[in-house]
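Below is one structure, written out as structure tokens; the observations come after it.
The numbers here are math on the coordinates, done by the rules we state, and not lab data. The structure presented is a predicted model; accordingly, all values stated were derived computationally and were not measured. No Cβ is skipped: glycine too gets one built from the backbone with ideal geometry, and neighbour counts run over all protein chains shown.
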Amino acid sequence: MDETNSMPGKDMDRAYWDAVGDDYDSEIFSVRDNDTAGLVAGHIARLGDPAHTAADLGCGVGKFTSLLAEAFGRVHACDLSPKLLEQARRACRPWNNIDFFQTDLGREAHPVDPVDFVLCVNVLIMAGLDARMSALRAVTAQVKQGGHLLLVTPSTESMLYTQFRRIDWCLREGMNCDEAIRDSVPAHGSVRALHQGIRPIEGVPTKHHLKEELLVLLRGHEMDVLSIEKLTYPWDTEFDDPPAWMEGPQPWDWLVVAQRK
């Protein structure tokens, strides 16, 4: 990654994802397992068509690939990591309508023609701006005219809200204001990175998006944004042993449905 567009920490390159593949379920947050309202599955079922083709861009170990195979006639699943792709192949053995490809969306053109439906879950999260914008171009170009994109990405608003809840928790535990702020500051990162919406998740610099930022980015890539909604998760996905009083709004990712002009 370009030094000016990154921050200290582990880069999410092929070697990183291959290493993660050794213990994927404990290392990587599963959107499918934590989407208790079934929002992603609901959109896939609503937009699915056996006569259409879908792509799972950044399929990982295939958590959503099987849902796409049930809803569409043909599915192209791709990922940066050969190790993750092999796990996805094993997980999707019951389906014979899936093709798997190894590709780097940040650096390479996607190997198939544009499709009717693209699923992209927590892929546009690399810290490097050049790689991220290249991946965004690849993702949006993969959607054919009139087709749909379902995009999930971490929320900057949720990141800041979670920070507030951590500080509030510390104050309730008796810390003074300075102590509470120090306790909630991540071990890595910088003001410059935060200004770009980049904050470490498990030590990995991760891009978070503002709602309005997603609107501007997608419209700039010939996409009409049909809806943006919160994909909410319980507090124990953010904190170990959250207190019982921590109710109210929960943390969330942004879930975007857009259509190619």
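For the chain, the tally of Lys pairs with Cα-Cα distances below 15 Å comes to 4, considering only residues 8 or more apart or on different chains.
Across segment 221-229, coupling constants 3J(HN,Hα) worked out from phi with the 6.51/-1.76/1.60 Karplus curve, θ = phi - 60°, read 10, 6, 10, 8, 7, 8, 7, 9, 9 Hz, and Gly and Pro carry x. Exposure proxy shown here: for C170, C92, C59, the number of other Cβ atoms within 10 Å sets the order, fewest to most, as C170, C92, C59. Exposed loop sites, defined as chymotrypsin sites (Phe, Trp or Tyr not before Pro) outside DSSP H, G, I, E and B with at most 15 other Cβ atoms within 10 Å, are absent from the longest region of the chain, namely 96-238.
Counting other Cβ atoms within 10 Å as a rough exposure proxy, the listed residues D130, D253, D56 run D130, D253, D56 from fewest neighbours to most. Calculated from the structure at hand, Cα extents along the principal axes in Å is found among [x] 67, 43, 35; [y] 60, 40, 38; [z] 67, 51, 38 as [y]. Put in line by how crowded their Cβ is, counting other Cβ atoms within 10 Å and starting with the fewest, M223, M159 read M159, M223.
Over the chain, DSSP H runs of length four or greater, each weighted -39,500 (n - 2.57), average out per residue to a 222 nm ellipticity of -10000 deg cm²/dmol.
In this Cβ point-charge picture (+1 for Lys and Arg, -1 for Asp and Glu), segment 3-260 has a dipole of about 680 debye about its Cα centre.
Looking at the square roots a ≥ b ≥ c of the eigenvalues of the Cα gyration tensor of segment 98-165, which shape do they give, rounded for a/c under 1.5, prolate if a/b is larger than b/c, or oblate? Show your work: numbers first, answer last.
Working: a/c = 2.52, a/b = 1.78, b/c = 1.42.
It is prolate, given that a/c is not under 1.5 and a/b is the larger ratio.
Note on M175/I201: beta-carbon distance plugged into 1/(1 + (r/R0)^6) with R0 of 22 Å gives a FRET efficiency of 0.35.
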